[in-house]
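Accompanying notes for the structure given below.
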Amino acid sequence: MRDGPVEIAEADATGPIGALYEDMKVAMDVGMVNLVYRRMATIDGLLEWVWSAFRPALVSGDVERASTSLKLELEWPSIPEIPAPVLPLLGLGDPEVVAISRVLDNYNRSNSFNLFLFTALVQCLKSGGPREELDRVGTLKLSDKLEHLPPIVAMGDMSKETATLIRAMSTPIAPVNKPMIPSLFRHLANWPGFLALVAPHIIHMIGSGELPIVSNNVQNSAIRAAHSLSRKMSIPVGLSTPDETTKAYWLDEWRAYISKPIPEMIAIGYALRHALPNARVD
């Protein structure tokens, strides 16, 4: 039984898909490729089409600005700061805390970018889809130092206990009838002690109703920015467009992602980041 939909993992990405993955990481200045892209990579031409549409919006700088405003303006769920003396008991020294902080920073950035981009794409498709442009001007300001993160842990490579915990946290976050395991949880499985420590707080956050409230505020921020961002999306002339069946299926998937797992994982990511001692969000 699978824990989620079919994907092309980064380690398995070669040729054009591997090149797209690298371009996405450099352009978004993150060290990993999110699940929604790894899933789209299984469909011929889909990832290239979507990423081509996203690039002009990224060039504009508006996605970065919207993500920064989101980070600074919203009130994130509160998880008590982890007392520093607790961490060594979990096998977490300064290098591990720094690594966890970097993973969280990368996901908070990429999830925020993706929320704005996919919300805008859904809006764009309502208006007929990305326009074609012969010469797309502008270049991305690329990072000269790509993040190198530990690999995402495959569910089968975790201990039974860690995998069971991750499934328990993931089930209420996944869209209805669309099972999935958020990549952030799989990434944090590199440090199962940390995951076990914060899991009760995450489960409480979900069960208390706090998470849906924050998620709704996050979604509203993306909706407000969607119209402007959607007008910046375009694809090169001649690029193959997905057929209507494929677009209809993925439009439903994108709506599911932006209505629940992405905004909820943004809230969880920032809450966890605040909880790390000496690693407060700037």
Could you count how many residues in the stretch 90-107 are touching a residue at least 60 places away in the same chain (Cβ under 8 Å) and either part of a loop (DSSP other than H, G, I, E, B) or exposed (fewer than 11 other Cβ atoms within 10 Å of the Cβ) (or both)? 3
For Gly15: the one exception among (1) on the phi > 0 side of the Ramachandran plot; (2) buried (at least 20 other Cβ atoms within 10 Å of the Cβ); (3) of a type outside the set (D, E, K, R): (2)
So which residues in the stretch 237-266 are of a type in the set (Asp, Glu) and in a loop (DSSP other than H, G, I, E, B), if there are any at all? Asp243
If a residue has to be surrounded by fewer than 17 Cβ atoms within 10 Å (Cβ to Cβ) and either touching a Gly at 6+ places or on another chain (Cβ under 6 Å) or part of a loop (DSSP other than H, G, I, E, B) (or both) to count, how many in the stretch 77-89 make the cut? 6
Among residues of the stretch 177-197, those that are under 20 Å from Asn111 (Cα atoms) and either assigned to a helix (DSSP H, G or I) or aliphatic (A, V, I, L, M) (or both), counted: 10
Identify, please: which residue in the stretch 230-239 is modelled with pLDDT under 90 and among the hydrophobic types (A, V, I, L, M, F, W, C) and is, among those, surrounded by the most Cβ atoms within 10 Å (Cβ to Cβ)? Ile235
Can you tell me which residue in the stretch 13-47 is modelled with the lowest pLDDT, limited to those that are among the small types (Gly, Ala, Ser) and part of a helix (DSSP H, G or I)? Ala27
Within the stretch 240-282, residues surrounded by fewer than 14 Cβ atoms within 10 Å (Cβ to Cβ) and either among the aliphatic types (A, V, I, L, M) or touching a Leu at 6+ places or on another chain (Cβ under 7 Å) (or both) come out as Ala248
Check the stretch 212-224 and report whether any residue there is without any contact (Cβ under 8 Å) to a residue 12 or more places away in the chain and among the basic types (Lys, Arg). yes
Which of the residues spanning the stretch 175-197 are in contact (Cβ under 8 Å) with a residue 40 or more places away in the chain, among the small types (Gly, Ala, Ser) and surrounded by 18 or more Cβ atoms within 10 Å (Cβ to Cβ)? Ser183
So which residues in the stretch 48-76 are assigned to a helix (DSSP H, G or I) and loosely packed, with under 15 Cβ neighbours inside 10 Å? Arg65, Thr68, Ser69, Leu72, Glu73
Which one is farthest from the chain's Cα centre (by Cα), of the residues in the stretch 1-12 that are surrounded by fewer than 17 Cβ atoms within 10 Å (Cβ to Cβ) and in a loop (DSSP other than H, G, I, E, B)? Met1
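The values are calculated or read from the model by the stated rules, or taken from the named source; none is laboratory data. Note that the structure is a prediction, hence the values are computed from the model and not measured. All Cβ positions, even for glycine, are placed from backbone atoms using ideal geometry, and neighbour counts span all protein chains on display.
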